[in-house]
Amino acid sequence: MSSALQERAVINRMRKSKVTQRKSNIKHKLAMVELMDNATYETLPRIKVKDLDNQIDRLRESGDSPVRAKAAIRSKEAKIDEIVAGFERRKQKIMTQNGLFKAKKPIPLEYINAEDAEECPKDVELGFNGGVLL
């Protein structure tokens, strides 16, 4: 190979290694950020904007795609709104996965009046090409 191609290959390898190192540093930094799941509208205004940005990045990295990028959110109040909404979605997702959200409060049978319930439909036989499906 010519020396120009070799120099170009070396420069490309160096550039790729820098990019890889930078991405690794960002992932390591985000891994150190602990999500404040119990944060509220009252507690978040006391936090620095840089820490709010870290919370947004961590939410996005954890798979919460509806969270907008921090560059798209200009004001501190909008960032706080986005973070609180992200935490609410996380709580809903966790509750749904654990089965806690499927039934908020079951109604005991003694409180159900049979007269108030709608009439149940009668069983209907379904026909299919002369056969009967049950």
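The numbers here are math on the coordinates, done by the rules we state, and not lab data. Everything quoted here is computed from the prediction, not taken from an experiment. So basically every Cβ, Gly included, is an ideal-geometry build from the backbone, and we count neighbours across all protein chains shown.
Ranking Ser24, Pro66, Val10 by how far each Cα lies toward the positive end of the dipole of region 1-74 (charges on Cβ) leaves Val10 at the top. Ordered by the count of other Cβ atoms within 10 Å of each Cβ, fewest first, Ile80, Ile11 give Ile11, Ile80.
Pulled fully out, how much extra length does the chain show between Glu88 and Ala4, if you take 0.36 nm times their separation in residues and subtract their Cα-Cα distance? Present the calculation step by step, with values, prior to reporting the outcome.
Working: separation 84, 0.36 × 84 = 30.24 nm, distance 5.56 nm.
Gain on extension, Glu88 to Ala4, equals 24.7 nm.
Spin-label model, Arg22/Arg46: points 7 Å from Cα along the beta carbon direction are separated by 3.7 nm.
By the beta-carbon count within 10 Å of each Cβ, the least crowded to most crowded order of Lys91, Lys79, Lys48, fewest first, is Lys48, Lys91, Lys79.
Footprinting exposure proxy ranking of Leu59, Leu35, Leu5, fewest other C-beta atoms within 10 angstrom first, gives Leu5, Leu35, Leu59. Met36 sits among other residues whose Cβ lies under 12 Å from its own Cβ, and their net charge, with Lys and Arg +1 and Asp and Glu -1, is 0. Here the simple spin-label model places points 7 Å from the Cα toward Cβ, and for Asp37 and Gln97 these points are separated by 0.9 nm.
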